[in-house]
1. Using alpha carbon coordinates only, what is the Rg to Rh ratio of the stretch 47-190, with Rh defined as the Kirkwood radius?
2. Which whole-number value in Å³ per residue fits the convex hull of the alpha carbons of the chain?
3. When only the heavy atoms of the protein chains count and the probe is 1.4 Å, how do Val351, Val4 rank by accessible area, highest first?
4. With every atom except the alpha carbons ignored, what do you get for Rg and Dmax of the stretch 319-361, in angstroms?
5. Rounded to the nearest whole Å³, what is the per residue volume of the convex hull around the Cα atoms of the stretch 200-263?
6. Quick one: which residues, 5 or more positions from Tyr397 or on another chain, have an amide H under 5 Å from its amide H? H modelled 1.01 Å from N in the peptide plane, none for Pro or chain starts.
7. For Thr402, Thr437, write out the residues from largest to smallest accessible area, computed with a 1.4 angstrom probe and no ligands counted.
8. How far, in nm, would the chain grow between Gln373 and Ala83 when pulled straight, counting 0.36 nm per residue and subtracting the alpha carbon separation?
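The values are calculated or read from the model by the stated rules, or taken from the named source; none is laboratory data. The structure presented is a predicted model; accordingly, all values stated were derived computationally and were not measured. Reconstructed Cβ throughout: ideal geometry from the backbone, glycine too, with neighbour counts over all protein chains shown. To get the accessible areas, we keep the full protein, side chains included, count just its heavy atoms, and leave off ligands, DNA and RNA. Shrake-Rupley method; radii C 1.70, N 1.55, O 1.52, S 1.80 Å.
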Amino acid sequence: MSHVFHRHCHQALPTIASGSGMYLTDTQGKRYLDACGGAAVSCLGHHHPAVLDAIRAQLEAIPYAHTGFFTSKTSEALADMLADFAPETINHAYLVSGGSEAMEAALKMARQYWVEVGQPQRQHFIARRQSYHGNTLGALSVGGNAWRRAPFAPLLMDTSLIAPCYAYRDQRADETAYEYGQRVANELEAMLLEKGPDTVIGFVAEPVVGATAGALTAEAGYFTRIREICDQYNILLILDEVMCGTGRTGRFFAFEHEHIVPDIVAIAKGLAAGYQPIGATLVADPIYNAIANGSGFFQHGHTFMAHPTACAAGLATLKAIQQDNLIDAAEQQGEALKAALSHHFHSHPFVGDIRGRGLFLALELVADKASKQPFSSTLPLVKQIKQTALENGLMCYPMGGTIDGKQGHHILLAPPYIIKQPHIDEIAEKLRITLDTCLPH
C-alpha cells in the first residue's frame, strides 16, 4: 500500500527513475518520449546541465530565506529578466511557487488595486466558459470548467461567464472568422452593462486555452476588441499564461501574438522548466504604483514565495531559452509538428480539428467528422488513450469535457522546445498507433 495520497486512489503508476533530453525512464527501464512536458512544464527537456548547476550553486550558498526578512540575488535577477522580456509598462514580478498561486495573487492584487484607488465597490470578475485558472478557491472561481467547479461550487465566489472564442464549434455559417470573434468578444460588453461596469474588477482569460479546451486560439481581432472594451469601461485585463506562456507559443508571452498588453499576467509552468516549482504574477506600473504609493503593502503572501533556489532555476531556464534561441525553435518546431499532425490525421475519421500555436497543439476527437458529434462522455477514452500511449512509450495529455465540461475529448501536446524532427516523427507515429488501438475501427 502506498502512503502517498495520489491524484487517483485506485491507479497504479510506474515509478520514475531518470530523464534525459526528450525522454523519461521508469524503474523498469521503459523509456517514454515526453510529448506533453508533463503538463506543458518541461520546456528544456530533462537533465539540463546549466539549470542543475545553478540549483547546486544556490543550494551551496543559501537554499531558502523568508521574504519577510531578506531579498535574494536570484529573485532580484529573475525579476529583472522578466521585466526585460515584458512590455515596457510591466516592471514588477510577484514570485510564487506555481500557477494557481500566481493566479490567486493576480485576483487579490486586482481587488486591492481598486481598494487603493478608492473604488471598493468593485468586487466582481468576468471570465469565460471552458477556462481553467487553477485549483485554489479564488482561481477555481474564475475558471469556467463545469466539471472542475462542481464539487466546490458552494465555496466559490460568484463570477460571470461569457463564451470562449471557439470557432470550430460555435462560428455560424453566415459569419466570417473575424465577425465571429467580434461577436463573442462583445459578450464582455453586454455582461459589463448587465453587472454595472463600476462593480467589476476585471476580465480573466487564457490567450490560448490549455487543458480544458485543448490549445484553443482566438480569432484575429478578438483580443484587440477585448482590450478596447476593458479600456472603455475601465476594468482590468488579467491574462493567464500559466500554461501557454514562457515561449511555448513561439513568443515569450502568448499575448504578443494578439498585439495587446494586459494589466496583469500570470506565468508558471515553463518558468523553471520543472526543475523547481515557481510562478510569477507580472503587474503593470499603474497597479504597482497604486499599492506602492498607497498602503505600500500587498496584503498577501506565501512562505516559499521568491524562493532563492527556485528563482535560481527560473533564471537559468530563461538564460537557456534566450541563449539557445528556443523561443524561435518553439515557433519553427511547432510548425513542423503541426504539419506532421496534419499529414497523419487531417483525413482521420475521428480527428475533427488540429489546432494550436507553437509547441502548444491539440487534436479534438469526434465520433462523426461531418457533424462534429463528440464521442459519448461515458466512454473511458481519456484513460484508455493515456494508458495506451504510455504502453507505446509516449506521454501525451488527453482530456475530456472539451466542449462544455462534460462532452468532447482532445489530446494536448506540449513537448520540450529542444524537440527535433525525429522526435516529431516518433510522436506522430506513436499517436497514430495509439488512436488506432483506442478508437473504433
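1. We get a ratio of 1.07 for the stretch 47-190.
2. 151
3. Val4, Val351
4. 13.0, 43
5. 82
6. Leu412
7. Thr437, Thr402
8. Between Gln373 and Ala83, full extension yields an extra 99.9 nm.
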